[in-house]
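Participant: Have a look at this one.
The values are calculated or read from the model by the stated rules, or taken from the named source; none is laboratory data. Because the structure is a prediction, the values reported are computed rather than measured. No Cβ is skipped: glycine too gets one built from the backbone with ideal geometry, and neighbour counts run over all protein chains shown. Surface accessibility is based on the protein's heavy atoms, side chains included, excluding ligands, DNA and RNA. Shrake-Rupley method; radii C 1.70, N 1.55, O 1.52, S 1.80 Å.
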There are 2 protein chains.
Amino acid sequence: MALLQPSLVDPKIWQSCAGDAVKIPKLHSKVYYFPLGHLEHANPNPNTESLSLINSCRPFIPCIISSVDLLADPQTDEVYTKLLLTPVIDGSSVEPLEVHDDDDGDDYVVSSGKTISQSDANNGGAFSVPSKCAKLIFPPLELEAKLPAQELSITDVHGNVWEFRHVYRGNPKRHMFTHNWSQFVDKKKLVGGDSLIFMKNSTGKIYVGIRRVKKIAAAAVVQKKELVVMEAVKLAEKNEAFEVVYHPTAGDNFVVDAKVVEDAMKINWNCGMRVKRSLKNDDSSISVQHGTITNLCAPSNRPWGMLQVKWNEAKVLENTLQVGPWQIEYSFDAPSLHLQYPPTKRVKVAEDYTLSNDIQEVRHNSFSTSKFVEANNCNTRKVTFKLFGTIIQVGSDVDDSLAKK
Amino acid sequence: MALLQPSLVDPKIWQSCAGDAVKIPKLHSKVYYFPLGHLEHANPNPNTESLSLINSCRPFIPCIISSVDLLADPQTDEVYTKLLLTPVIDGSSVEPLEVHDDDDGDDYVVSSGKTISQSDANNGGAFSVPSKCAKLIFPPLELEAKLPAQELSITDVHGNVWEFRHVYRGNPKRHMFTHNWSQFVDKKKLVGGDSLIFMKNSTGKIYVGIRRVKKIAAAAVVQKKELVVMEAVKLAEKNEAFEVVYHPTAGDNFVVDAKVVEDAMKINWNCGMRVKRSLKNDDSSISVQHGTITNLCAPSNRPWGMLQVKWNEAKVLENTLQVGPWQIEYSFDAPSLHLQYPPTKRVKVAEDYTLSNDIQEVRHNSFSTSKFVEANNCNTRKVTFKLFGTIIQVGSDVDDSLAKK
DNA sequence: AAGAGTTGTCGGCCTTTCCGACAAATAGC
DNA sequence: GCTATTTGTCGGAAAGGCCGACAACTCTT
């Protein structure tokens, strides 16, 4: 039953399992690859040797997506993706292939999730189905009947079918899985805290995906992953095609759509700015985090983790303290406690006619420090990146002008 | 779980499921196809219309096996085969393809069977494993342990894997399947009397096949099968390639290796001759039936069911009362009660130079009747068949010579 | 803050599964 | 035909699964 090969997953099912917040670049699209993000994704505490190698590399590498595999782990059922990236040599005349929009329009997938309780995982072999899920995903039950029941065939990410009995019982009445539930818990090694995602496509076929709480990663495995990352980085630096693996549950993607990065870099991010970040929860509801930029802290002008944000909400993962501009949004609605930042985007664009194969970095060593920035222990730097032939400047004299007000 | 398509089965596993007595002709080999046998295989009581059509056809048709599919029924797990036969046009110069001997030598399959009891099928969800089977097929258990147990992964004919707990318990101690056995009974719809065949190949992988007691064939299904047979017969008669389906449990094969038929036809079969027939039982043991030829009763010189045999053993299927010569062996060792027939093969062979597309039948209308034959109410006929350009004569004047003694 | 709706956990009961006892059937001498 | 071994069936025991009761939690207003 347990296949040893990773399973190819239907794109819409894969997306629902990963969560709608997870963005996988499209085939043949332009992206930026962030080596530091890649390393931190494999190992949050990388060894110094790896870090120094990363520091000697370009901080971001423009690439084209040459292949996308949407996969599922045969052991854990968790979804992940394997991408083949081909570095773009600046000024090269290779015409990019057409980006195929894979939204087929007609077929859709609706999903509903639940983090399973201790009782779901251990007790009596029954699963308490959230009423939202039952209403949205499963065929309607005869709720007036004495013992409403139906047999559901639910397909996992490997294409294996599980037959559950779905009943509506108890007082107050609720939806439950009874028959075959404990076998499912047993085979999938589910524990309290793991999440299930139930999905239904336009043909009515029902699917189930799993997100695990515990990330059991042995030190040896992490070491191995780190070595694989470093091999990829070396290939990227040589402008050769390289393969990366991205697990949506292990932090943000380090391969980001070019336009998204470029647009985000055009904003004059500065200390004290109010920002937000919308997150999808396990049950596919949306929650919004609000925060304030506390520092522009990119060493060597690395956009990955350039902005340090202090989030208002307590439960925030460590790796979201330092974010890239594309990972957050400027918060228009939230009133700033100290200052009002104008939503106007002040962008400095300079046409570049130099055909160089490397990304040009121009560091402005003359920092201008405003009173506000000083008061917030925040260094404002003028930083200019060249992105696909366009020079972008971040951390401008906006502060000064505002401070003068 | 339940596939709707027939499964392709590994040849050695298929053979063990069918039983070693079942002979499937090799790809590209010469065979004789018996239309009457085909019809009786589909329906033991065929309608008169079908029978009259069969009678207007050749009684046997030489063919080449153009394809062999070894299959398993997705509903019942029973094995069967689908053959594509291409009629051989006598004298045609088409060079036959090489017959590939598919015996790979190295890999073998051992098997052990059991007809399951009422208790196996209904009670308490346990299966009493025959000790022979446990010793031959399963990995050795620590028989000295207090509760010897192991988990066995057993593959069915569709490639689905079943996990059973195999224990050695009770007083007296015996091998049993406990965990998952009742699910297997349930899913496979097993009833007392059905047989299981456990197999192990040279890599140690364990398989299970099923033979059912009840042949539930609705009248409509039988009608359909009869029509399919008649279509095949019509194609065969036109010397066009045709497909046949053979179920090993439903009687002897009507597609028989040419050499086997020819050799059997060379023997002067006669009334009173002692014959034997070895049969493989469910548990893969061998039992031998003994009998006496009571009649040479082929109407229109049809070798299928030409010999009428009275078997000594009681439990004989009806369809084995009338057999073809290739289905039995001359019994050298069994002492004849009345007469001693010499084991010498008296064969009359005549070279045939006529290039005819049809099989020549020469009926000798002058019957000679001996005293012995008269006393046994047995008609001795001289019958000549042309097989692949060789004329074979059966039921000779041996009787007379013996009777004169 | 209160009410309605939802869902986590528990104990009881019923079914299924697992076990050795015993006896019946079979194989071996 | 006798004995040794194997295996079919049974009743009791243990485990697993299904149920409503009740309470805690969440969401809405």
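Participant: Take B:C57, project a point 7 Å from its Cα along the Cβ direction, then tell me which residues of the range B:30-47 have their backbone nitrogen under 11 Å from it.
Facilitator: B:33-40
Participant: Could you tell me which GluC sites (Glu not before Pro) in the range B:211-279 are loop residues by DSSP with no more than 14 other beta carbons within 10 angstrom of their beta carbon?
Facilitator: On the way: sites: B:E226, B:E231, B:E237, B:E240, B:E243, B:E262; in loops: B:E240.
Sparse-neighbourhood loop GluC sites (Glu not before Pro): B:E240.
Participant: Could you give me the ³J(HN,Hα) list for the range B:42-58, computed from phi with Karplus coefficients 6.51, -1.76, 1.60 and θ = phi - 60°, whole Hz, x at Gly and Pro?
Facilitator: 7, 8, x, 10, x, 6, 4, 4, 4, 4, 5, 5, 4, 5, 7, 9, 5
Participant: What distance in nm lies between label points placed 7 Å from Cα along the C-beta direction at B:Q150 and B:T203?
Facilitator: Label-label distance for B:Q150 and B:T203, simple model: 1.8 nm.
Participant: Put the label 7 Å from Cα along Cα→Cβ for B:D69; what are its distances to the other copies, in nanometres, shortest first?
Facilitator: 3.2
Participant: In nm, one decimal, shortest first: how far is the label point of B:S52 (7 Å from Cα along Cα to beta carbon) from the matching points in the other copies?
Facilitator: For B:S52, the inter-copy label distances come out at 10.0 nm.
Participant: Let me ask something additional. What ³J(HN,Hα) values, in whole Hz, does the Karplus curve 6.51 cos²θ - 1.76 cosθ + 1.60 give for the range B:60-72 when θ = phi - 60°, with x put for Gly and Pro?
Facilitator: Values, residue by residue: 8, 10, x, 9, 10, 7, 8, 7, 10, 10, 9, 10, 9 Hz.
Participant: Let me ask you something else. For B:R174, A:R212, what's the largest-to-smallest order of accessible area, 1.4 Å probe?
Facilitator: Numbers: B:R174 90, A:R212 35 Å².
So, going from the largest accessible area down, we get B:R174, A:R212.
Participant: On a 30 Å Cα-Cα criterion, which of the cross-link pairs B:K238/B:K266; A:K224/A:K276; B:K214/B:K310 come out too long?
Facilitator: Details: B:K238/B:K266 28 Å; A:K224/A:K276 35 Å; B:K214/B:K310 26 Å.
The answer is A:K224/A:K276.
Participant: Mind checking the mean number of beta-carbon atoms from other chains within 10 Å of the Cβ atoms in A:48-58?
Facilitator: On the way: counts 0, 0, 0, 0, 0, 0, 0, 0, 0, 0, 0.
Rounded to a whole number, the mean comes out at 0.
Participant: Can I ask one more? Listed highest first by mean packing, meaning other Cβ atoms within 10 Å per residue, what order do B:289-296, A:134-141 come in? Mind dumping the intermediate values first?
Facilitator: Working: B:289-296: 19.5, A:134-141: 15.5.
By packing density, highest mean first, the sequence is B:289-296, A:134-141.
Participant: I need the trypsin sites (Lys or Arg not before Pro) found in the range A:227-260, filtered to DSSP loop residues with at most 14 other beta carbons within 10 Å of theirs. Walk me through the intermediate numbers first.
Facilitator: Working: sites: A:K234, A:K238, A:K259; in loops: A:K238.
Here the trypsin sites (Lys or Arg not before Pro) that fit, given the DSSP loop and packing criteria, are A:K238.
Participant: Which of the pairs A:K188/B:K114; B:K82/B:K189; B:K114/B:K189; B:K135/B:K187; A:K132/A:K205; B:K82/B:K259 have their Cα atoms more than 23 Å apart in this structure? Spell out each step's value before the answer.
Facilitator: Numbers: A:K188/B:K114 34 Å; B:K82/B:K189 25 Å; B:K114/B:K189 16 Å; B:K135/B:K187 27 Å; A:K132/A:K205 18 Å; B:K82/B:K259 21 Å.
Over 23 Å Cα-Cα: A:K188/B:K114; B:K82/B:K189; B:K135/B:K187.
Participant: Sort shortest first the distances from A:L4 to its counterpart in every other copy, using label points 7 Å along the Cα-to-beta-carbon line, and give them in nm.
Facilitator: 3.3
Participant: So who's got an amide H within less than 5 Å of the one on B:A149, skipping anything under 5 residues away but keeping other chains? H placed 1.01 Å off N, in plane.
Facilitator: Counting only residues 5 or more places away or on other chains, the set is B:E142.
Participant: Just how large is the dipole of the range B:109-211 about the Cα centre, in debye to the nearest 20, putting +1 at every Lys and Arg Cβ and -1 at every Asp and Glu Cβ? Write out the running numbers ahead of the final one.
Facilitator: Numbers: 14 positive and 8 negative charges, 43 e Å.
That gives a dipole near 200 debye.
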